[in-house]
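Notes for the one structure printed next.
The values are calculated or read from the model by the stated rules, or taken from the named source; none is laboratory data. Bear in mind that the values here come from a model prediction, so they are computed numbers and not experimental data. Glycine also receives a Cβ, built like all others from the backbone with ideal geometry; neighbour counts cover every protein chain displayed. Note: areas computed on protein heavy atoms with side chains; ligands, DNA, RNA excluded. Shrake-Rupley method; radii C 1.70, N 1.55, O 1.52, S 1.80 Å.
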Amino acid sequence: MLEINNLDVSYGRIQVIWDLSMEVKDDEAVSIFGSNGAGKSTLIKAIMGLVDNREGSIKFDGEEIGDLETHQIVKKGIALVPQKRELFPLMTVKENLKLGAAYIPHARKKTDSNLEFVYNIFPILKEREKQLAGTMSGGQQRMLALGRALMSNPKLLILDEPSVGLQPSLVTELFKKMGEIKKQNVSILLAEQNVQQGLKIIDRGYVLENGKIEMEDTVEGLSGNEHIQKAYLGI
């Protein structure tokens, strides 16, 4: 589904991603683990067409998307849940959700069924559909941002640090919801510092350190890896 080969990304003269290659297959959940500054968010920006200064190949469903604009990439079937949520605070929950499908023709035709799908996963959004998004708690806003992304009928859902700023109980609930989404034939690419939670929903993972892939393995291999245990799990 998503195939990245020999990707370099720089901001001016400062290179952030170095010769990165990775893939996400159909119906697979993959995570990029790494500390702050490792390059996770820059990688996501490159995939979404938000970074211009780069070399290498980014393909989605066999098609090169590295030269496309962000809105074109979204229409291909990739949806992003940004770290800062980027909701419209003075619009209601339902209005924010409907915007997720408004500019994507195939999703716009399924707005009602998509709303039902999102409400089944996040009942709290149904209960609060008339509430202004800006008055919701941080955890509820994160769920709203995730629901809005799902309204676009994505083939691939990308999440940038979904656990940031949430209390532990909400992080656990959010990752449980992501596990439900994975069962709906949606591939997931997760960029996350919280390795302990991330390992619960993924099939494979990559460890990104200083802009380079230092490790790739199945969830079982990563869970039993001594470096992962010491550096990320505190074991």
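Summary table
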| item | result |
| --- | --- |
| Cross-link reach list, lysines versus Lys182, counting only Cα pairs under 18 Å and skipping chain neighbours closer than eight places | Lys25, Lys155, Lys200 |
| Cα centroid separation, region 15-30 to region 99-152 (Å) | 27 |
| Packing-based order for 126-135, 146-155, 183-192, using average beta carbon neighbours within 10 Å, highest first | 146-155, 183-192, 126-135 |
| Ratio of the Cα radius of gyration of region 71-205 to 2.2 N^0.38 Å, where N counts its residues | 0.97 |
| Spin-label pair Glu69/Glu127, simplified geometry with 7 Å Cα→Cβ offset, distance in nm | 4.1 |
| Which of Gly138, Tyr119, Ala149, positive extreme of dipole for region 110-151 (C-beta unit charges) | Gly138 |
| Ratio Rg/Rh, restricted to region 15-82 and using Cα atoms, in which Rh is the Kirkwood radius | 0.92 |
| Sulfur and carbon atoms: percent of accessible area, the chain [1.4 Å] | 47 |
| Segment Ser21-His227, length gained on full extension (0.36 nm per residue, minus Cα span) | 72.1 nm |
| Cα pair count fraction exceeding 26 Å, expressed as % - region 1-125 | 31 |
| Of Val186, Gly205, Leu90, farthest towards positive along the dipole that unit charges on Lys, Arg, Asp, Glu beta carbons give the chain | Leu90 |
| Surface per residue (accessible, 1.4 Å probe) for the chain, Å² | 48 |
| Mean separation of Cα contacts under 8 Å (6+ apart) over length of region 57-182, as relative contact order % | 36 |
| Of [x] 30, 24, 16; [y] 28, 22, 16; [z] 37, 18, 15, the label for semi-axes √(5λ) of the Cα gyration tensor in Å derived from the coordinates | [y] |
| 14 Å cut-off, amide nitrogen to a point 7 angstrom out along Val164 Cα→Cβ, residues in region 34-78 | 34-45 |
| R0 of 35 Å, Cβ-Cβ distance Lys59-Thr92: FRET efficiency to nearest 0.05 | 0.40 |
| Around Lys25: net Lys/Arg minus Asp/Glu count, Cβ-Cβ under 9 Å | -4 |
